[in-house]
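The values are calculated or read from the model by the stated rules, or taken from the named source; none is laboratory data. What you see is a predicted model, and the numbers here were worked out from it, not measured in a lab. Methodologically, a virtual Cβ is constructed for each residue, glycine included, from the backbone with ideal geometry; neighbour enumeration extends over all protein chains shown.
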Amino acid sequence: MTEETMLALDDGDIFVRQDGPRDAPVLLLLHGTAASGRTWDALVPLLTGTHRVVRVDLLGCGRSAKPVDGDYRTPAQASRVGAVLDRLGAGPAVVVGHSSGGIAATGLAEQRPELVAALVLVDTGPNMAAFTAPETAAIGPAQWPPTDEQIRQFAATGFARPDFELPADILAEMRDTPFPVFAALMQDPRWYLEEKALPDRLAAVGKPLLVLFGEQDRRWRPSSATDYLALPGARVEMLPDVGHTPIIEAPARTAELVLDFAASHSAPRVTPG
């Protein structure tokens, strides 16, 4: 069962898509910077046999509102995700975040631990020391809106293969984002990590943790994934021949690991009646 909803929140409408049986354990999927729920398209069909899968387009992204004066900081984004789960009655969930989506997932666990059964971070750098210098030039306001080729060059470091082809709908969503919104979305994860490293934040949260990391990640140093092993019980899985985006590059292997972890940590659903 698939359902698409636009939820009206105080600071803008949030697009939500749900797939799978409504009485199944919940997997909440949070996309990375300036991306959208569409980045999970290859993964979702592999998850819905056993889970209710909820995808949220964060404010400023995808089909959600993109107010130029919006608050795009991690605490605000996490608060909106919590409000979405409240509206849907979909907590607690195993929360899966890709890249900076893992930062939003951490923020949600900090703010609303009762909504988070466990966390899966997919190629989420633990701190800014793990960030590697971009191989492509940044896109500035004078170049906005960017061409498809500029977006492809910008996104190329997200994959092990530089010639990996981005779907057309993802290109269109990024092109339609106002530059001030794009700039704000790009900046906040840096501030959040500089303020406090993710392993330190997660230590205070105390949730079960699975970390997936592509061995060929060109944005975050793959060896930094071991930083998460300082957390008791944390599990780290390295994915060979995969870059920064396993959810697109290796959906079958990613789904296998997520489902194996979720089987041990999903919260049971209570059906009325």
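Just to be sure I understand, how many residues within region 171-183 are among the aliphatic types (A, V, I, L, M) and surrounded by fewer than 20 Cβ atoms within 10 Å (Cβ to Cβ)?
Count: 3.
With Asp200, Asp227 as the choices, which residue is more than 29 Å from Pro162 (Cα to Cα), of a type in the set (D, E, K, R) and not in a loop (DSSP other than H, G, I, E, B)?
Within the list Asp200, Asp227, the selection yields Asp200.
Spot the failing condition for Ala267; the list is (1) under 16 Å from Val96 (Cα atoms); (2) in a helix (DSSP H, G or I); (3) over 17 Å from the mean Cα position of the chain (by Cα); (4) in contact (Cβ under 8 Å) with a residue 40 or more places away in the chain, and only one is missed.
(2) is the only condition that Ala267 fails.
Within region 131-142, is even one residue within 18 Å of the chain's Cα centre (by Cα), within 27 Å of Ala76 (Cβ to Cβ) and at pLDDT 90 or above?
Yes: region 131-142 contains one or more residues that are within 18 Å of the chain's Cα centre (by Cα), within 27 Å of Ala76 (Cβ to Cβ) and at pLDDT 90 or above.
Touching a residue at least 60 places away in the same chain (Cβ under 8 Å) and under 26 Å from Pro25 (Cβ atoms): which single residue out of Glu194, Glu110 fits that description?
Sole residue among the options that is touching a residue at least 60 places away in the same chain (Cβ under 8 Å) and under 26 Å from Pro25 (Cβ atoms): Glu110.
Counting just the residues of region 227-257 that are of a type in the set (Val, Ile, Thr) and touching a Gly at 6+ places or on another chain (Cβ under 6 Å), which one comes out surrounded by the fewest Cβ atoms within 10 Å (Cβ to Cβ)?
Val242
Could you tell me whether Ala184 is within 17 Å of the chain's Cα centre (by Cα) and over 25 Å from Val211 (Cβ atoms)?
yes
Against the definition (over 15 Å from Leu43 (Cβ atoms) and aliphatic (A, V, I, L, M)), how does Leu193 come out, yes or no?
When the stated conditions are applied, Leu193 passes them.
Given the residues Glu114, Glu165, which is the only one that is modelled with pLDDT of 95 or more and of a type outside the set (Val, Ile, Thr)?
Glu114
Quick one: would you say Thr5 is surrounded by fewer than 18 Cβ atoms within 10 Å (Cβ to Cβ), more than 18 Å from the chain's Cα centre (by Cα), in a loop (DSSP other than H, G, I, E, B) and not charged (D, E, K, R)?
Judged against the criteria, Thr5 is not a match.
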